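Since the structure comes first, as structure tokens, the remarks are kept for the end.
Taken together, the values in this text are just the output of simple stated rules run on the coordinates, not laboratory data. Predicted, not measured: the structure shown is a model, and the values here were computed from it. FYI the Cβ positions are ideal-geometry reconstructions off the backbone, even for glycines, and counts take in every protein chain you see.
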Amino acid sequence: MGLKRYAAKRDFRKTPEPSGLQTPHRSPGSRPLFVVHRHEASHLHWDLRLEEEGVLRSWAIPKEPPIAEGVRRLAVQVEDHPLAYASFEGTIPEGEYGAGTVEIWDRGTFGLVESTSDKRVLDFAGTKLSGPYALVRLKPEEKGRNWLFFKMKAKKPAGRDGA
């Protein structure tokens, strides 16, 4: 998606959100980062953001992200955000896109276990999100914006023979 849609929706003279012109330094070979923002806008929701290809791919989740296995959440893909958004917290002023309070709910790194255009299996290392999760596109043939986000069962380590 790139950052054109992100920038077109914001007036950076009015909002404290990062413009995306500055890219934070990332160490080569480091695990990609993730952040989940709690966004109290016109409707309370959470924003899942995953570092991919120099941007944060983003999904709005209407209910608190799942911590336990078996809980599924709708995740609606929205515009990409700049990497600098990973550390953003603040209040977006009334009248601006996404007006309301944005705070970091969780953050950390993740490993990409599997990735296709319609499915991502992720291994999160955060404070609240930890272990394997999946994002699966609903109606993949339509390439829609609606996905399911859920925690997967952790694989048990293989036991020793005779143990």
* To do: Between L74 and L112, with labels modelled 7 Å along Cα→Cβ, what's the label distance in nm to one decimal, could you check?
  => 2.8 nm
* Can you list the aspartates and glutamates whose alpha carbon sits under 12 Å from that of K155, skipping same-chain ones fewer than 8 residues off? -> D123
* **Where N is the number of residues in the chain, Cα Rg divided by 2.2 N^0.38 Å** => 1.10
* For K63, go through the lysines and keep the ones whose alpha-carbon is under 22 Å away, minus same-chain ones fewer than eight residues off. => K119, K128, K139, K151, K153
